[in-house]
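S.K.: Have a look at the structure that comes next, please.
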Amino acid sequence: MRVIGGTMFDDQADGIRKSKFGKTIYSDPNMSMTSPVSEDDLCLRHSSASANGPLEPNRSSGEGSPLTMSPWNQTTHFNKSLSMPFDDDSVPANSLIMSLTREEGHIYSLAASDDLLYTGSDSKNIRVWKNLKEFTGFKSNSGLVKTIVIAGAKIFTGHQDGKIRVWKVSVKNPGVHKRAGTLPSLKEILKSSIKPSNYIEVKRKRSLWIKHSDAVSCLSLNEEHGLLYSASWDRTFKVWRISDYKCLESVNAHDDAVNSVVSRSGGEMVFTGSADGTVKVWKREQQRKGTKHSLSQTLLQQECAVTALAIDAPGSVLYCGSSDGLVNFWELEKGLAHGGVLKGHKLAVLCLEAAGNLVFSGSADKTICVWRRDGNIHTCLSVLTGHTGPVKCLASEKDPNSTNEQRWTLYSGSLDKSVKVWSVSEYAQIGSTMQPNTTSYEESPVSDGSYSSASNNGRY
């Protein structure tokens, strides 16, 4: 067992490795404290100090420093640089706008909302950028920040040590984020610990069923039903009620680490992807005291790991990224019929993002493929290059300044410690490959709309 880029891998006896589980702005790694806080709830504010803090030598749950674990480690040091305004009208389609560089750690998670961007790293800090400028930040003592989701005024963060933190923005001062709770709460832990029936055996150890016993790999919101889903390397996904942070259900979902979970808006289906190579569909039933999820079907069974899942806004297409570099997709409106395979990467797909008719896939090959969907045919419009490490996370927002076309702002986080900001259009010229300050053209991959038996090639 080992970890690469925050994803769990298993070395099989047969030798097949399987997954477990423009412009630059430099961020300040040291931000001054604004108020007395607990060691588990550190609120950070902007400071003129600039220094590289040491990486934590002691980490739990396989949380070794990616600085030493990642073969793509970059050790270049940077100086701070001020941002310059850019003209939206002059930005070409599918181009790099700027880079937000953080000196403190590898980027593992992103979340965007209006003019705010939240970035999480292995430094335990969550940075907040406003209008692409460093705004504020907050820190938790609960390990590498693997996932971030935003639910109105609440921010949920999932961590390597199995904890989920809830944060709220101060009404008086938007620059201050305070910890509002932990999932599960201490009250729920004490209440559950009294009953022996609330304990389960995980990895030969007794643990409360309401707690994750390994890294939280993914969070997914279903705001319509007021639910939060958490996936974990402990092979389960859990269901939480957002209103009171209560754990309603824990589902033993897979035979290996659960790397991704997505909940369909306006429906009762939940999808999970795992290192065991499967994608499963779960049907949610609302009950008097909570929820009940039952297995509906298994969409995919393969040798290589499922690393990422994404569903488009209408809830019509489900995308699945794998460690073999392929992206499978299914059409929900056609009874979850398999639509095809997107072939655009040389190494593992690590993250997916759907926006409008576009789908973005980030990979360990350091590139991002931009796919445009027309029915069940997907065309690769661009291959975005510029990162010097694996692309670990993606987030997108519709460009409010775009009037004549569907233009999106895409954020990409990488193990090269940077976040890059791209302007992407659904009507971009096909075949362009964008690099900082350069443009080249290459043949555009197109999906054939059918399943390929070669999907097991190139696996880890």
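S.K.: What number of residues in the stretch 417-434 are modelled with pLDDT of 95 or more and in contact with a Pro (Cβ under 8 Å, 6 or more places away or on another chain)?
M.R.: 0
S.K.: Can you give me the number of residues within the stretch 301-312 that are in a strand (DSSP E or B), open to solvent by less than 20 Å² (accessible area, probe 1.4 Å) and more than 16 Å from Val270 (Cβ to Cβ)?
M.R.: Kept after step one, since they are in a strand (DSSP E or B), are these residues of the stretch 301-312: 301, 306-311.
Add one more test, that the residue is open to solvent by less than 20 Å² (accessible area, probe 1.4 Å), and what stays is 306-310.
Filter once more, so that each one left must be more than 16 Å from Val270 (Cβ to Cβ): 307.
The number of residues fulfilling the criteria is 1.
S.K.: Also: Restricting attention to the stretch 282-291, does a residue exist that is open to solvent by 50 Å² or more (accessible area, probe 1.4 Å), outside any loop (DSSP other than H, G, I, E, B) and hydrophobic (A, V, I, L, M, F, W, C)?
M.R.: Start the filter on the stretch 282-291 by keeping residues that are open to solvent by 50 Å² or more (accessible area, probe 1.4 Å), which leaves 283, 285-289.
Subsequent filtering for residues that are outside any loop (DSSP other than H, G, I, E, B) retains 283, 285-287.
Imposing the further condition that a residue be hydrophobic (A, V, I, L, M, F, W, C) reduces the set to none.
No, that holds for no residue.
S.K.: Related question: Answer yes or no: is there a residue in the stretch 244-252 that is farther than 27 Å from Asp122 by Cα, among the acidic types (Asp, Glu), touching a Gly at 6+ places or on another chain (Cβ under 8 Å) and part of a loop (DSSP other than H, G, I, E, B).
M.R.: No; the residues of the stretch 244-252 include none that is farther than 27 Å from Asp122 by Cα, among the acidic types (Asp, Glu), touching a Gly at 6+ places or on another chain (Cβ under 8 Å) and part of a loop (DSSP other than H, G, I, E, B).
S.K.: While we're looking at this one, here's another question. How many residues are within 27 Å of Lys130 (Cα to Cα) and crowded, with 17+ Cβ neighbours inside 10 Å if we restrict to the stretch 161-174? Steps first, answer last, please.
M.R.: Applying the first criterion (within 27 Å of Lys130 (Cα to Cα)) to the stretch 161-174 yields 163-174.
Restricting the remaining residues to those that are crowded, with 17+ Cβ neighbours inside 10 Å gives 163-167, 169.
Selection size over the stretch 161-174: 6.
S.K.: Taking the stated definitions as given, is Ser263 polar (S, T, N, Q) and open to solvent by less than 20 Å² (accessible area, probe 1.4 Å)? Spell out the reasoning first.
M.R.: Numbers: polar (S, T, N, Q): yes; open to solvent by less than 20 Å² (accessible area, probe 1.4 Å): yes.
Taking the combined requirement at face value, the residue satisfies it.
S.K.: Condition first: over 24 Å from Val128 (Cβ atoms), at pLDDT 95 or above, open to solvent by less than 20 Å² (accessible area, probe 1.4 Å) and in contact with a His (Cβ under 6 Å, 6 or more places away or on another chain). Can you find one or more residues in the stretch 369-379 that meet it?
M.R.: Yes; the residues of the stretch 369-379 include at least one that is over 24 Å from Val128 (Cβ atoms), at pLDDT 95 or above, open to solvent by less than 20 Å² (accessible area, probe 1.4 Å) and in contact with a His (Cβ under 6 Å, 6 or more places away or on another chain).
S.K.: Oh, and also: Is there a residue in the stretch 83-105 that is surrounded by fewer than 18 Cβ atoms within 10 Å (Cβ to Cβ), among the polar types (S, T, N, Q), modelled with pLDDT of 80 or more and part of a strand (DSSP E or B)?
M.R.: no
S.K.: Sort through Gly339, Gly362, Gly356, Gly315 and tell me the only one that's surrounded by 23 or more Cβ atoms within 10 Å (Cβ to Cβ) and under 20 Å from the mean Cα position of the chain (by Cα). Step through it out loud before you land on a result.
M.R.: Numbers: Gly339 fails: under 20 Å from the mean Cα position of the chain (by Cα); Gly356 fails: surrounded by 23 or more Cβ atoms within 10 Å (Cβ to Cβ); Gly315 fails: surrounded by 23 or more Cβ atoms within 10 Å (Cβ to Cβ).
After applying the criteria, what remains is Gly362.
S.K.: Checking Gly325 against (1) more than 22 Å from the chain's Cα centre (by Cα); (2) surrounded by 24 or more Cβ atoms within 10 Å (Cβ to Cβ): exactly one of these is not met. Which one?
M.R.: Status for Gly325: all satisfied but (1).
S.K.: List every residue pair whose Cβ atoms lie under 8 Å apart, where the two residues are 6 or more positions apart in sequence or sit on different chains, the first residue falls within the stretch 128-141 and is under 10 Å from Gly175 (Cα atoms), and the second residue, located anywhere, is open to solvent by 50 Å² or more (accessible area, probe 1.4 Å) and among the hydrophobic types (A, V, I, L, M, F, W, C).
M.R.: Val128/Phe135
S.K.: Turning to a different aspect of this structure: Go through (1) at pLDDT below 90; (2) not in a strand (DSSP E or B) for Thr388 and report which single condition fails.
M.R.: Failing condition for Thr388: (1).
S.K.: Here is a further query. For the stretch 111-158, name all the residues that are of a type in the set (A, V, I, L, M) and either within 20 Å of Ser232 (Cβ to Cβ) or out of contact with any strand residue (DSSP E or B) (no Cβ under 8 Å at 6 or more places or on another chain) (or both).
M.R.: Step one: filter the stretch 111-158 for residues of a type in the set (A, V, I, L, M), giving 111-112, 116-117, 126, 128, 132, 144-145, 148-151, 153, 155.
Passing the criteria: Ala111, Ile126, Leu144, Val145, Ile148, Val149, Ala151, Ile155.
S.K.: Another question, then. Which residues, taken from the stretch 229-260, are more than 24 Å from Glu201 (Cα to Cα) and open to solvent by less than 40 Å² (accessible area, probe 1.4 Å)?
M.R.: Hit for the stretch 229-260 is Ile242, nothing else.
S.K.: Which of the following residues is closer than 27 Å to Arg284 by Cα, open to solvent by 10 Å² or more (accessible area, probe 1.4 Å) and β-branched (Val, Ile, Thr): Thr298, Thr388? Explain how you work it out, then say what you get.
M.R.: Working: Thr388 fails: closer than 27 Å to Arg284 by Cα.
The unique qualifying residue is Thr298.
The rows are residues; the columns are (1) under 17 Å from His212 (Cα atoms); (2) in a strand (DSSP E or B).
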site: Ile150; (1), (2): no, yes
site: Gly158; (1), (2): yes, yes
site: Gly162; (1), (2): yes, no
site: Lys178; (1), (2): no, yes
site: Glu188; (1), (2): yes, no
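S.K.: Ok, one more. Provide a single number: the residues in the stretch 126-147 that are open to solvent by less than 10 Å² (accessible area, probe 1.4 Å) and either of a type outside the set (Lys, Arg) or modelled with pLDDT under 90 (or both).
M.R.: Number satisfying all stated conditions: 11.
S.K.: Cβ-Cβ under 7 Å, sequence separation 6+ or interchain: first residue in the stretch 144-171 and over 16 Å from Trp240 (Cβ atoms), partner β-branched (Val, Ile, Thr). Which pairs?
M.R.: From the stretch 144-171, the pairs are Val145/Ile126; Val145/Thr157; Lys146/Val216; Ala153/Val169; Ser170/Val176.
S.K.: Now for a different question. Is it the case that Lys283 is under 17 Å from Ala151 (Cβ atoms) and more than 17 Å from the chain's Cα centre (by Cα)? Reasoning before the result, please.
M.R.: Working: under 17 Å from Ala151 (Cβ atoms): no; more than 17 Å from the chain's Cα centre (by Cα): yes.
Considered against the rule, which asks whether it is under 17 Å from Ala151 (Cβ atoms) and more than 17 Å from the chain's Cα centre (by Cα), Lys283 comes out as no.
The values are calculated or read from the model by the stated rules, or taken from the named source; none is laboratory data. Owing to the predicted nature of the structure, the values given are computational and were not obtained by experimental measurement. Cβ: placed from backbone, ideal geometry, glycine included. Neighbour counts: every protein chain shown. Heavy atoms of the whole protein, side chains included, go into the accessibility calculation; ligands, DNA and RNA do not. Shrake-Rupley method; radii C 1.70, N 1.55, O 1.52, S 1.80 Å.
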